[in-house]
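**Student:** The structure is given below, and queries will be raised subsequently.
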Amino acid sequence: MNNSCRASIFVRILAALALLCVSTHALSEPLVDAFVARLGESMRAIRVQAKGNADLTRAGCRDLLSQLLALDVMARRSAGEAWDKMTNVQRDAFRAAFAERMASECVRSYSDYNGDAIEPVGVRAMQDGDKMATVRFGAEADNGKRITWRLRQIDAETWRVVDVIVEGSSAVLTARNEYAAILQSHNGNIEALLASMRK
């Protein structure tokens with residue numbers, strides 16, 4: 001997948017994620033609609049404040065993602081079985097590299113964002129308590145792309161993202177498969193995986 005395509009997908013993911021840092025009572029349609037509006041404001045704010053400066057854009061992305069993603073959960077799941085083989089130092093390095101990868105995708109996304117409208121489609125409860133929430137980018141008549149994300153309740157008032165599904169592909173499972181392939185090609189060497197993630 002080329003950088004332009006990845007950036008386009010990521011900006012849609014980022015846009016979806018901006019709806020998610022909501023209270024337990026914010027899953028009602030009016031408040032979800034309000035977060036859709038806030039989404040556009042958040043994305044524009046990063047662009048305006050950064051004024052094309054890549055370092056400022058990256059800082060804005062890091063801040064936004066830290067508020068929306070359950071990065072610890074996503075990093076652990078993407079590491080798969082390798083997580084149990086890592087030292088605490090390696091786990092910290094893995095989490096940091098995973099977060100930086102997400103921030104890098106966010107930075108690239110700003111060169112490709114086309115301002116698609118975002119419309120909530122629905123929220124479905126899972127047996128384990130997670131929520132599967134879906135939004136549509138663009139008008140339904142235009143067959144707008146749909147993205148589904150998995151929300152987990154972190155505390156009494158906060159939901160965070162633990163996975164994102166784009167065109168049927170799980171972000172966490174995709175990362176886990178990629179990392180597993182790297183480990184396999186390096187005889188399970190964790191340091192080789194970390195070095196690859198830092199590139």
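Throughout, read-outs are computed from the coordinates displayed, never taken from laboratory work. Since we're looking at a predicted model, the values are computed, not measured. As a convention, Cβ positions derive from the backbone with ideal geometry for all residues, glycine included, and neighbour counts pool all protein chains shown.
**Student:** For the residue pair L56 and R95, what label-to-label distance in nm results when each label sits 7 Å from Cα along the Cα-to-beta-carbon direction?
**Tutor:** Each label point is offset 7 Å from its Cα along the Cβ direction, giving 3.1 nm.
**Student:** Here's a follow-up. Using 0.36 nm times the number of residues separating Q184 and I154, minus their current alpha carbon distance, what extension gain do you get?
**Tutor:** Numbers: separation 30, 0.36 × 30 = 10.80 nm, distance 3.35 nm.
Using 0.36 nm per residue and subtracting the Cα-Cα distance, I get 7.4 nm.
**Student:** What's the FRET efficiency of K85 with K199 using the Cβ-Cβ distance as r and R₀ = 22 Å, to the nearest 0.05?
**Tutor:** 0.55
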